[in-house]
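The values are calculated or read from the model by the stated rules, or taken from the named source; none is laboratory data. Predicted, not measured: the structure shown is a model, and the values here were computed from it. Ideal geometry is used to build each Cβ from the backbone, glycine not excepted, and the neighbour counts take in all protein chains shown. Ligands, DNA and RNA are excluded from the accessible area calculation, which covers all protein heavy atoms including side chains. Shrake-Rupley method; radii C 1.70, N 1.55, O 1.52, S 1.80 Å.
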Amino acid sequence: MKGLYTDLQTFAHLHNYLQKIDSEELNDWIYRAEANNPWFTAGNVKSALTGIIELLEPERLKSFFSNYKISATPKKIGVIMAGNIPAVGFHDFLCVLLSGNILYAKLSAEDNVLLKKIAQILIDYNASYQERIFFVDQLKNMDAYIATGSDNTAKHFEYYFRNTPNIIRKNRTSVAVIHGNETTEELIALGEDVFQYFGLGCRNVSHVYLPAGYSPVTILSAWEGKFNTIRNHHKFLNNYEYNKAVLLIDQVHHFDSGYILLKESESIFSHIATLTYSFYYAQEELAQLLQKNNEQLQCVVSARQNPFYNSFSFGAAQHPAITDFADGVDTMAFLTTL
């Protein structure tokens, strides 16, 4: 356990560092991240770092990782990371290192600033990390791979890594369930799940299940004046205007808030600045729909817990616990049993 203890101490240092990060240094991180990717605004970078701080709470981290047996022989783990939201690969980054292994990370061109900054903090505190964290352009001859990408890239990953232990992640999204008696405050919290990170994350809600007879306008009314400033971001506005034009040209019935478009569809995926919805008549029917889409679901959010399915509270989708593994696959169990 000595190695794990040292690693936990190192990440406790990172936790404290990020909590007290100098404003000038933070602004530099934000400037560099946004210059590289305009979707990574100051607010989004700060939200991502807040999420990392939550994951790194020392006692929770210690309790969780003590459940795994750390290998005495480090393995080389190649991780292909996504770039849809800031530092989206941090959970894999954390698991590889705390499992006692060596990280070879291929960062997305869209997100190649923040994890390098975080890695440098770890290396400055614990020099041994210089030999355990590598950012590379190509991954070859690894002992195992973790790759996150689209459905198309997943096919390539499955082929290339077919003879090596791997975790391959595909397109996923999240949905919300409305019961019909939500308060305005709860619907506003749902808006956080929809709009945070401009809806680009797999934990962002892209589809809403509504009880039969429920008007989507109820949701838009609750959001009025709360999220409209999102249209001030030029890339989001461009997507909103393009998708609005497509709906108008195709004469598709929709609701338009001036910054988000709601359209009825069975698809749980939606375009940027668009939210799809569909109706259900009974909880049993809804449970069947969720099970049918299970392979494409990252999480479900709802204001009420339901015996037919598990869900996060509104506003909690982008605040996963350390145990909320992507795609429901226990990354630590995979890494510690190689």
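Points to keep in mind about this one:
- Residues of region 1-35 that turn out to be at pLDDT 95 or above, out of contact with any helix residue (DSSP H, G or I) (no Cβ under 7 Å at 6 or more places or on another chain) and open to solvent by less than 60 Å² (accessible area, probe 1.4 Å), as a count: 4
- Among the residues making up region 268-320, those that are small (Gly, Ala, Ser) and touching a Gly at 6+ places or on another chain (Cβ under 9 Å) are SER270, ALA273, GLY315, ALA317.
- Taking the criterion of being without any contact (Cβ under 8 Å) to a residue 60 or more places away in the chain and out of contact with any Phe, Trp or Tyr (no Cβ under 8 Å at 6 or more places or on another chain), the residues of region 31-48 that qualify are TYR31, ALA35, ALA42, GLY43, LYS46.
- Scanning region 197-213 for residues that are over 24 Å from GLU34 (Cβ atoms), aliphatic (A, V, I, L, M) and either without any contact (Cβ under 8 Å) to a residue 60 or more places away in the chain or open to solvent by 10 Å² or more (accessible area, probe 1.4 Å) (or both) yields a count of 1.
- Pairs with Cβ under 9 Å, 6+ apart, first in region 294-319 and in a strand (DSSP E or B), second among the hydroxyl-bearing types (Ser, Thr, Tyr) and open to solvent by 60 Å² or more (accessible area, probe 1.4 Å): VAL301/SER313; SER302/SER313
- Residue match in region 248-264 (condition: in a strand (DSSP E or B), open to solvent by 70 Å² or more (accessible area, probe 1.4 Å) and either under 20 Å from VAL301 (Cβ atoms) or at pLDDT 95 or above (or both)): yes
- Complete set of residues in region 214-247 that are open to solvent by 60 Å² or more (accessible area, probe 1.4 Å) and touching a helix residue (DSSP H, G or I) at 6+ places or on another chain (Cβ under 7 Å): LYS226, ARG231
- Members of region 320-338 found to be of a type in the set (Val, Ile, Thr), within 18 Å of the chain's Cα centre (by Cα) and not in a loop (DSSP other than H, G, I, E, B), listed by number: THR331
- Of all residues in region 80-101, none satisfies being farther than 24 Å from VAL329 by Cβ, open to solvent by 50 Å² or more (accessible area, probe 1.4 Å) and either among the charged types (D, E, K, R) or at pLDDT 95 or above (or both).
- Considered as a group, the residues in region 164-196 that are closer than 18 Å to TYR280 by Cα and outside any strand (DSSP E or B) include one that is least open to solvent (accessible area, probe 1.4 Å), and that residue is ILE178.
- Failed item, numbered, when ASN306 is tested on (1) closer than 27 Å to ASP151 by Cα; (2) in contact with a helix residue (DSSP H, G or I) (Cβ under 9 Å, 6 or more places away or on another chain): (1)
- Among (1) open to solvent by 20 Å² or more (accessible area, probe 1.4 Å); (2) among the β-branched types (Val, Ile, Thr); (3) farther than 27 Å from ILE80 by Cα; (4) in contact with a Leu (Cβ under 8 Å, 6 or more places away or on another chain) - the single one ILE272 does not satisfy: (3)
- Qualifying residue in region 64-76 (condition: within 21 Å of TYR17 (Cβ to Cβ), of a type outside the set (Lys, Arg) and surrounded by 15 or more Cβ atoms within 10 Å (Cβ to Cβ)): yes
- Contact annotation: residue pairs with Cβ atoms under 7 Å, 6 or more positions apart or on different chains, pairing a residue in region 124-147 that is more than 10 Å from ALA105 (Cα to Cα) and part of a loop (DSSP other than H, G, I, E, B) with a partner that is open to solvent by 40 Å² or more (accessible area, probe 1.4 Å) and at pLDDT 95 or above, are MET142/LYS76; MET142/TYR104; ASP143/LYS75; ASP143/LYS76.
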